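Quick note: the coordinates plus some simple rules give every number you see, no bench work behind them. Computed from a prediction, not measured in an experiment: that's the story for all the values here. As a convention, Cβ positions derive from the backbone with ideal geometry for all residues, glycine included, and neighbour counts pool all protein chains shown.
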Amino acid sequence: MRRPRRLTLSSFLTVAALVGLCLLLLSPHPSEAQGLPRISIAVEESSKPEDVAVTLEIIFLLTILTLAPALLIMLTSFTRIVVVLSFLRMAIGTQSIPPTQLIVGLSLFLPLFVMGPTFEKIYDEAIVPYLDEQLDHQEALDLGMAPIRNFMLRNTRQKDLAL
């Protein structure tokens, strides 16, 4: 019969040295702290008005992109199309076919066809003259809002307007 081996001081030190070596090799190396970037916002003079106009156009574009979901819901027939397609799904008698994602996806593109003439009128009467610098931004905005107002009034019931 074999006798159990006793842990001696030398074997304990060997195991401790191996564990310490593994921990040393697996630990991340310290790195020097990197400096934080300095952000500077300055208002400088521009020698050309075009530089300011480009900056304002970028800000305007980002504002429109931020407000696009709300504008899609409020100014198009998106909500009405979602409701109609949901009723159609219930009329078919299915709960999950077509999926809700498909209904919302169709509802994103169908207003482009429903409001196509309105968008063309806005483009022809407001956007093209503005880009050709025949109108200032306020006149272009007023001319662009008129077709949307007409579309909204044509597609809203009188009793809803009375509220």
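Observations
- Packing-based exposure ordering (other Cβ within 10 Å, fewest first) of LYS121, LYS159: LYS159, LYS121
- For LEU135, the residues whose amide H sits under 5 Å from its own are TYR130, ignoring neighbours fewer than 5 places away on the same chain, with H placed 1.01 Å from N.
- Cα gyration tensor shape for segment 49-161, rounded if a/c is under 1.5, else prolate or oblate: prolate
- A prolate overall shape is assigned to segment 68-114, the ratio a/c of its alpha-carbon gyration tensor axes (a ≥ b ≥ c) being 1.5 or greater and a/b exceeding b/c.
- Near MET145: Cβ cut-off under 14 Å, other residues only, Lys/Arg at +1 and Asp/Glu at -1. The net charge is -1.
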